[in-house]
Every structure is written in structure tokens, then in C-alpha cells.
1. Name the residue that is modelled with the highest pLDDT, counting only residues in the range 55-111 that are loosely packed, with under 14 Cβ neighbours inside 10 Å and among the β-branched types (Val, Ile, Thr).
2. For residues in the range 37-47 being more than 21 Å from PRO103 (Cβ to Cβ) and of a type in the set (Val, Ile, Thr), which is least open to solvent (accessible area, probe 1.4 Å)?
3. Return the pairs, sorted by first residue and then second, in which the second residue is open to solvent by less than 70 Å² (accessible area, probe 1.4 Å) and assigned to a helix (DSSP H, G or I), the first residue lies in the range 41-59 and is more than 17 Å from ILE86 (Cβ to Cβ), the beta carbons are less than 8 Å apart, and the residues are 6+ apart or on different chains.
4. Kindly indicate which of GLU30, GLU50, GLU34 is outside any strand (DSSP E or B), exposed (fewer than 14 other Cβ atoms within 10 Å of the Cβ) and at pLDDT 95 or above.
5. Quick one: is LYS75 of a type in the set (Lys, Arg) and touching a residue at least 60 places away in the same chain (Cβ under 8 Å)?
6. Looking for something of a type outside the set (Ser, Thr, Tyr), in a helix (DSSP H, G or I) and farther than 25 Å from ILE91 by Cα - is there at least one such residue anywhere in the range 3-11?
Amino acid sequence: MINTVLGKISKENLGHTRIHEHILWAWTEEVKSEFDRKTVVDIMLPHLKELKSLGCNTLVEATTEGAGKDVHVLKELSEKSEINIITNCGIWDGLDYYGKYIPERMINKKK
């Protein structure tokens, strides 16, 4: 079974799959706050519908916590586009900026 934002599907339901895609990428929570959910859905939905019409069934959304991931947006887009969306449960500081892009609530602070 494969976990999607709308629940589990079988591997047979994956179909053609796009990997490592980004619905929204925001370096900081401040940048993310510039985007409201409705705007992101309005912008991205036509693209996902087109992708579906071209035969894509699944999209692996690689945006991590702290980089703009919004599961509510992903669920809405998945429902409206009929594309399976798989997301992750990780955080990212790939630029090695000493945790700058990791949400404060997720940093392990040792005393």
C-alpha cells in the first residue's frame, strides 16, 4: 500500500508518476505567509488537470516541512485534479544553513 494525502492506494493505482515535484516552495515561514491556500490552488489546479489529461496519475510532492509544505493544499488539489499526491514527512536544511530552514518547533535543543 502507498500512502497519499487522501489515504492509501495500491501500487497498481500509481500509474504514470512524476517524482520530486513542488506545488509551493517557500524558504521561510515569512515567505510562505505571502501565499494563501486559495491562490496556490487557483494557480496550480489547471496545471495538475492538464497533467492528468496527459496520463499522469500520481505526483510525488517533495516540499518538506519548513519549506512551504501545506497538506491542506495538497489534499484539495488531489481531490480536485484526481491525481494521487504523495508527500513526505521530512525536514530540509540541504543548504547547510545551520538549521535556518528548519521550523523552530522541530529543532532538538539539548541542554
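The values are calculated or read from the model by the stated rules, or taken from the named source; none is laboratory data. These numbers were taken from a predicted model, which means no experiment stands behind them. Ideal geometry is used to build each Cβ from the backbone, glycine not excepted, and the neighbour counts take in all protein chains shown. The protein model used for the area step is the full one, side chains on, heavy atoms only, and it has no ligands, DNA or RNA in it. Shrake-Rupley method; radii C 1.70, N 1.55, O 1.52, S 1.80 Å.
1. Checked the range 55-111; the qualifying residue modelled with the highest pLDDT is VAL71.
2. VAL41
3. So the pair list comes out as VAL41/VAL73; VAL41/GLU76; VAL41/LEU77; LEU45/LEU77; LEU45/SER81; LYS49/SER81.
4. GLU50 is the lone residue from the list that is outside any strand (DSSP E or B), exposed (fewer than 14 other Cβ atoms within 10 Å of the Cβ) and at pLDDT 95 or above.
5. Working: of a type in the set (Lys, Arg): yes; touching a residue at least 60 places away in the same chain (Cβ under 8 Å): yes.
Yes: the conditions hold for LYS75.
6. Yes, some residue in the range 3-11 is of a type outside the set (Ser, Thr, Tyr), in a helix (DSSP H, G or I) and farther than 25 Å from ILE91 by Cα.
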